[in-house]
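The values are calculated or read from the model by the stated rules, or taken from the named source; none is laboratory data. A quick note: this is a predicted structure, and the numbers were derived from the prediction, not measured. Note that we place each Cβ from the backbone using ideal geometry, even for glycine, and neighbour counts take in every protein chain shown.
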Amino acid sequence: MSILDIIILLPLIGALAIACGAPPRITAIGVTGANLALGVVAWILFDPNKEGFQLVASRVVAKVPEISYAVGIDGLSLIMLLLSVIVSFCAIWMAPRVGSREKLYFSSLLFISAGALGAFCSTDVFFFYAFHELALIPTFFMIGIWGTGEDRVNTAWKITIYLAVGSIVLLAGLIAFQMQLSQGGLTFDFTTLQERAASGAISAEAQGWIFLTLLIGFGILVSLFPFHSWAAPAYASAPAPTSMLHAGVLKKFGLYGLLRFTPMLPEGLETWRNLLLVLLIGNILFVGFVTLAQKHLDGLLGNSSVMHMGYVFLGIASWSAATGEPIGLTGAVLLMFGHGISIALLFGLAGKLRDRVGTLEMEKLGGLGKQIPIFSFLFGLAAFASAGLPGFANFSGEVMVFFGGFQGYQGGSFTNLQWATILALWGVVISAVYMLRAYRSIFLGEQPDGLKVAEDVVLMQRIPCTLLVVSLLVIGFYPRLFSDLLTF
């Protein structure tokens, strides 16, 4: 049994133990803490000088077609694995007290974690898809039962319908991709598929419509404009731990999938690059202006998460098979990690603020920096990271993405990619404006009359917050820890 098998199975075993009567919170923290340690061990065991997947394990599930429960990690999946175990541990540690159905609450969180880990570690396309679907089911329960707002049930149905449609479109694209590479026997193994695709088995015309189908399917799951309207209300309505896991980890599934399949469909990317550029600018500028107009912190964070997906799409769009330069893709991966950590910290702190103050409407807040200085300091760090301040992982990723947009430029007129990169730069300004405005509204100025004084971050709650901040700073100051792991 591979260490990856243990990492995937532990949350499922933990959920079963909780169902059988184990203490929900303690069990969930213990399981995710063990997974965090195992994730670090997997990082230590990983050899960046070797190509292909490592720490592999495979068991044949079906022979016709050949489907295997197969796991393994390369540099990309290792980074996503680390993101998953870090955010899972912190989300469950920061979970509030649950008045009812505590077993279902923590079991659902563990199922979301297991689904994300299984998807990132699977080297078989069938289980890559199936594990993601596993994580969607508990998301519906978390929002519908423990969400906030009177419209939480409708929101739960909306996110379920949107993601179900995205999954169906994605499934159609994956089936079409498989059939194009079925010569020599139908297989779901990533390595075999990569080898067959590299041999030119898919025509340029077929690559075009397959890539478009995958882009729409993955794009809905990632909240690519204009398929983004489900995301911000869902994150605003969800319990804080669910928002941390979904926005911080599970949303990266679609981006991870595009990073896996785009190098196998280079002509498809060339065909639809301009469309992708238009859509990602919609994420950055249109959703950015929508974020500026938000009056509630949870709505601001939800729209901010949607906006920042545009930068990752820009990194993907900057890749070209002709040059083979991976700087944009590398930046996209670093930004996925940085965004996942920073948005998880922001949603976690927002949840604590709602529990202690009773509202996230920014006009009703103010002057809290004097009352909760540690909380305001942590929130400021997360806000600065989200806005792309140097020293944080987000900055490293964004800089690489922007360089990727201009790679190969020798002077003269700009291409569509470079014009899109210039427009995307304005998103950095927009991010700084709405994050600084939110910080000022909540923590500076005079405290409104009647506002309940909030309790500062207690000692035990500082542990997950510190872990998230340190993760951002370590990769921000030394991005080579991750960039050297990546090969495209």
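State whether one or more residues within segment 45-62 are in a helix (DSSP H, G or I) and without any contact (Cβ under 8 Å) to a residue 60 or more places away in the chain. Yes, segment 45-62 contains a residue that is in a helix (DSSP H, G or I) and without any contact (Cβ under 8 Å) to a residue 60 or more places away in the chain. Set side by side, the residues GLU363, GLU398 differ, and just one is within 22 Å of the chain's Cα centre (by Cα) and of a type in the set (D, E, K, R), which is GLU398.
Selection over segment 433-480 of residues that are outside any loop (DSSP other than H, G, I, E, B), more than 24 Å from THR291 (Cβ to Cβ) and not polar (S, T, N, Q) gives a count of 12. Checking each residue in segment 211-223 for being over 13 Å from the mean Cα position of the chain (by Cα) and crowded, with 24+ Cβ neighbours inside 10 Å picks out PHE211, LEU214, LEU215, GLY217.
For segment 142-200, name all the residues that are aliphatic (A, V, I, L, M) and surrounded by 18 or more Cβ atoms within 10 Å (Cβ to Cβ). MET142, ILE143, ALA156, ILE159, LEU163, VAL169, LEU170, LEU174, LEU181, LEU193, ALA197, listed by residue number. If you take the residues in segment 136-166 that are assigned to a helix (DSSP H, G or I) and among the polar types (S, T, N, Q), which one is farthest from PHE218 (Cα to Cα)? Result: ASN154.
Take the residues of segment 82-127 that are of a type in the set (Gly, Ala, Ser) and outside any helix (DSSP H, G or I): which is nearest to ILE44 (Cα to Cα)?
Looking at residues that are of a type in the set (Gly, Ala, Ser) and outside any helix (DSSP H, G or I), I get SER122.
Within segment 205-213, one or more residues are over 30 Å from HIS308 (Cα atoms) and touching a helix residue (DSSP H, G or I) at 6+ places or on another chain (Cβ under 9 Å).
Please list, ordered by residue number, the helices (runs of 4 or more DSSP H) wholly in segment 233-320 having 2 or more residues that are closer than 21 Å to ALA116 by Cβ and under 13 Å from the mean Cα position of the chain (by Cα).
Where helices (runs of 4 or more DSSP H) fall fully within segment 233-320 and carry at least 2 residues being closer than 21 Å to ALA116 by Cβ and under 13 Å from the mean Cα position of the chain (by Cα), they are 240-245, 252-261, 297-317.
Just to be sure before I move on: is THR421 under 30 Å from ARG273 (Cα atoms) and over 27 Å from the mean Cα position of the chain (by Cα) in the structure I sent? Criteria not met by THR421. Taking the listed residues ALA438, ALA454, the one that is modelled with pLDDT of 90 or more and either within 23 Å of PHE286 (Cα to Cα) or surrounded by 15 or more Cβ atoms within 10 Å (Cβ to Cβ) (or both) is ALA438, with no other qualifying. Number of residues in segment 294-322 that are farther than 15 Å from VAL333 by Cβ and buried (at least 24 other Cβ atoms within 10 Å of the Cβ) equals 11. Of the residues ASN394, ASN416, the single one that is under 17 Å from LEU83 (Cβ atoms), in contact (Cβ under 8 Å) with a residue 40 or more places away in the chain and not small (Gly, Ala, Ser) is ASN394.
Results for (1) under 21 Å from PHE128 (Cβ atoms); (2) in contact with a helix residue (DSSP H, G or I) (Cβ under 6 Å, 6 or more places away or on another chain); (3) crowded, with 24+ Cβ neighbours inside 10 Å; (4) touching a residue at least 40 places away in the same chain (Cβ under 8 Å), shown as yes or no for each residue.
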{"site": "PHE225", "(1), (2), (3), (4)": "no, yes, no, yes"}
{"site": "ALA238", "(1), (2), (3), (4)": "no, yes, yes, yes"}
{"site": "PRO241", "(1), (2), (3), (4)": "no, yes, yes, yes"}
{"site": "VAL249", "(1), (2), (3), (4)": "yes, yes, yes, yes"}
{"site": "VAL287", "(1), (2), (3), (4)": "no, yes, yes, yes"}
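Taking the numbered list (1) touching a residue at least 24 places away in the same chain (Cβ under 8 Å); (2) over 30 Å from GLN54 (Cβ atoms) in turn, VAL153 passes all entries but (1).
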